[in-house]
Amino acid sequence: QVQLVESGGGLVQPGRSLKLSCATSGFTFRFYATGWYRQGAGKEREFVAAISQSGDRTYYTNSVKGRFTISRDNAKNTVYLQINNLQPEDTAAYSCAADVSFGDITNMRPKYWGQGTQVTVSA
């Protein structure tokens, strides 16, 4: 059974940092590119970041470049999203996903999805 389980979300003040984790099981993680997406209340889901199978290639949506860092640990079957200098507009449910195609990650067509973890940025 494929599982992607996000953790690390919460309520944080503007300017603080969070590191989200996505623990996976049920598929061969090292063969899959992975990514993060977010969906704010009343908004469409948007792509945030992607990382290739080996971790040597990353891609970010323009609005998060310089503040978000995606990484992965293939030994732990886990992908991470470091978020620095959080802003209220970062408030959203953050989901991870996996697909053998890096392009399908960036085009929001991954095969496997997690359920999401809520990040709320508020003073």
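What to note about this one:
- Test result for Arg16, open to solvent by 40 Å² or more (accessible area, probe 1.4 Å), assigned to a loop (DSSP other than H, G, I, E, B) and in contact (Cβ under 8 Å) with a residue 12 or more places away in the chain: yes
- For the range 49-60, the count of residues that are out of contact with any helix residue (DSSP H, G or I) (no Cβ under 7 Å at 6 or more places or on another chain), open to solvent by less than 80 Å² (accessible area, probe 1.4 Å), in a helix (DSSP H, G or I) and more than 14 Å from Gly114 (Cα to Cα) is zero.
Residues are listed down the side, and each one gets a yes or a no for (1) closer than 13 Å to Gly8 by Cβ; (2) under 11 Å from the mean Cα position of the chain (by Cα); (3) at pLDDT below 95:
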site	(1), (2), (3)
Thr24	no, no, no
Arg30	no, no, no
Trp36	yes, yes, no
Ser63	no, no, yes
Pro88	no, no, no
Ser95	yes, yes, no
Trp113	no, yes, no
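- Residue count for the range 64-100, restricted to those that are open to solvent by 40 Å² or more (accessible area, probe 1.4 Å), in contact (Cβ under 8 Å) with a residue 40 or more places away in the chain and aliphatic (A, V, I, L, M): 1
- The number of residues in the range 101-111 being buried (at least 18 other Cβ atoms within 10 Å of the Cβ) and farther than 10 Å from Ala50 by Cα comes to 1.
- A Cβ distance below 9 Å, combined with a sequence gap of six or more or placement on separate chains, defines the contacts here; from the range 29-43, residues that are open to solvent by 80 Å² or more (accessible area, probe 1.4 Å) reach residues that are β-branched (Val, Ile, Thr) in the pairs Phe31/Val100; Ala41/Thr91.
The values are calculated or read from the model by the stated rules, or taken from the named source; none is laboratory data. Worth saying up front: this structure is predicted, and the values here are computed from it rather than measured. Methodologically, a virtual Cβ is constructed for each residue, glycine included, from the backbone with ideal geometry; neighbour enumeration extends over all protein chains shown. These accessible areas exclude ligands, DNA and RNA; they are computed on the full protein's heavy atoms, side chains included. Shrake-Rupley method; radii C 1.70, N 1.55, O 1.52, S 1.80 Å.
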